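Engineer: The structure follows.
No lab work stands behind these numbers, since they all come straight from the coordinates. Source: prediction; values computed, not measured. Glycine gets a Cβ as well: all are built from the backbone with ideal geometry, and neighbour counts include every protein chain shown.
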Amino acid sequence: MTPDLMEAGAQRLEQSGHLQEGSSGGRSPGYGRVHVPGEVDLTHGRILYLEDVHVSFDGFKAINGLSLDIAPGELRCIIGPNGAGKTTMMDIITGKTRPDSGQVYFGSTIDLLRHREAEIAAMGIGRKFQKPTVFEQLTVFENLELALATDKRVASSLSFRLDASQRDRLAEVLQTIHLADQVNRQAGLLSHGQKQWLEIGMLLMQDPRLLLLDEPVAGMTDEETERTAQLFLSLKGRHSLMVVEHDMSFIRTISEKVTVLCDGAVLAEGTLDQVQADERVIEVYLGR
Ligand SMILES: Nc1ncnc2c1ncn2[C@@H]1O[C@H](COP(=O)(O)OP(=O)(O)OP(=O)(O)O)[C@@H](O)[C@H]1O
Ligand SMILES: [Mg+2]
């Protein structure tokens, strides 16, 4: 994230009053205070930390004692049967769903449960939903440009201009997502895979610390899937990634550590070979 955007994000956080005393729902004031606005505290070696999280929907325990943590720069794969709670977990991390209990931290100091969805995005957690949501009428360039605008209404007017570092970032992102040769193409004319990459590029424009990707290769051709695997491998290190997928050959290409979710909690964790050999995982997910 460029310094001006970091500054803007920090100002928004301050203005929101969300970090001020009295808005913490009974928690002690200052407990999750951001000491350096825009900075994520990684001193404990974790960029994301969930502990004993519970969520019920009308009595159904969608998330039931979920605990996991992710290291800075890690590419974590999450697998598990339909209804395991994978998407719900992302809803919780991004502030879309409030858990009934538990802890969710970004770095060591930022209590995500005290922040709203837009604030969490501004702090550096980018989320990619399954369906591509690019602006079909705009070009690839305009979509990426729009991703930087803090006020989307001014983005299309003449008052929004990229500065030099933003232009550099845009050029870099275009290379990363392999769309440099499509820069002036209308997004609606791109293939399904290209739209997915463009949307990932829009997230990358903000240089997020953590990227949450829900079934990113669903509907892609084999070649697009392979390219996406290479893209994710190129992103890890600079970014931390949490990738939910059912495509096991894709998972095999990109995975280091795999977490298996089932019934709203972690069933197993390890390398893909380790979890695939786990009897409980075979039982609930991989089949015999
Ligand atoms: N807002 C909601 N209201 C009621 N039930 C919900 C809500 N969101 C999720 N659920 C339920 O919670 C469970 C977990 O759903 P979730 O979408 O998180 O699963 P998932 O692991 O992402 O599954 P899939 O692999 O099919 O995407 C499901 O049984 C789902 O029906
Ligand atoms: Mg899901």
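Engineer: So what are the radius of gyration and Dmax for the Cα set of the range 41-176, in Å?
Structural biologist: In order Rg, Dmax, the Cα atoms of the range 41-176 give 17.8, 53 Å.
Engineer: Please report, for the Cα atoms of the range 190-255, the Rg to one decimal and the Dmax as a whole number; what are they, in angstrom?
Structural biologist: 11.1, 30
Engineer: How many angstrom separate the Cα center of the range 227-281 from the Cα center of the range 188-207?
Structural biologist: Rounded to whole Å, the Cα centres lie 22 Å apart.
Engineer: Counting other beta carbons within 10 Å of each Cβ, put 49, 105 in order, fewest first. Show your work: numbers first, answer last.
Structural biologist: Values: 49 18, 105 21.
Ordered from fewest to most neighbouring Cβ atoms within 10 Å, 49, 105 come out as 49, 105.
Engineer: Report D for the range 59-118 in µm² per second (integer): Stokes-Einstein, Kirkwood Rh on Cα pairs, 37 °C, 0.692 mPa s. Each step should come with its number before you reach the end.
Structural biologist: Numbers: Rh = 12.7 Å.
It comes out at roughly 258 µm²/s.
Engineer: In nanometres, what is the gap between the two model label sites at residue 246 and residue 279, each 7 Å from Cα along Cα-to-Cβ?
Structural biologist: 2.8 nm
Engineer: Let me ask something else. Please list, short to long, the whole-number percent of alpha-carbon pairs of the range 142-288 in consecutive 10 angstrom bins beginning at zero.
Structural biologist: Final binned percentages: 10, 35, 30, 16, 8, 1, 0.
Engineer: Please report Rg (one decimal) and Dmax (integer) in Å for the Cα set of the range 211-288.
Structural biologist: That works out to 12.9, 38 Å for Rg and Dmax.
Engineer: Additional query: List the lysines whose Cα sits under 20 Å from the Cα of residue 195, skipping any in the same chain fewer than 8 residues away.
Structural biologist: The reachable lysines, counting only those whose Cα sits under 20 Å from residue 195, are 128, 131, 152.
Engineer: Turning to a different aspect of this structure: Suppose every Lys and Arg Cβ carries +1 and every Asp and Glu Cβ carries -1, with no other charges. What dipole size does the range 37-99 come out with about its Cα centre, to the nearest 20 debye?
Structural biologist: 240 debye
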